[in-house]
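So the structure is just underneath, and the comments pick up after that.
The values are calculated or read from the model by the stated rules, or taken from the named source; none is laboratory data. Just so it is clear, the structure is predicted and the values come from calculations on it, not from any experiment. Heavy atoms of the whole protein, side chains included, go into the accessibility calculation; ligands, DNA and RNA do not. Shrake-Rupley method; radii C 1.70, N 1.55, O 1.52, S 1.80 Å.
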Amino acid sequence: MLRRDGLKKESRAGYSVGLAYPPDWGERTVSLRPRDDTELQPGMCFHLQSGVWLSDWGVAISESFIVTENGGERLCDSPRELIVID
């Protein structure tokens, strides 16, 4: 849909998260980006952080999830709602 409208997202859309990689929680092992061919397996955790920022509008999506046998499962149950900032 983005490419159909002439927009591109070439930077990463997410990254792996876990324990024991100080000083932050990003493991820097897997990036959800076009050239990363890592096979996703159940138990892997990721933070999806994607956005498009243009001069007159933008959108950002951020959520952590775990890979399961049946797809992905959110790691929180906060409501999903559109927040508009003027």
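Side notes on the structure shown:
- Cα shape, the stretch 45-84, gyration tensor, a/c 1.5 rule: prolate
- Ligands, DNA and RNA excluded, the heavy atoms of E69 present near 150 Å² of accessible surface to a 1.4 Å solvent probe.
- For the stretch 34-74, the relative contact order works out to 38 percent when only alpha carbon pairs closer than 8 Å and six or more residues apart are counted.
- Heavy atoms of R12 accessible to a 1.4 Å probe, total area in Å² rounded to 10: 90 Å²
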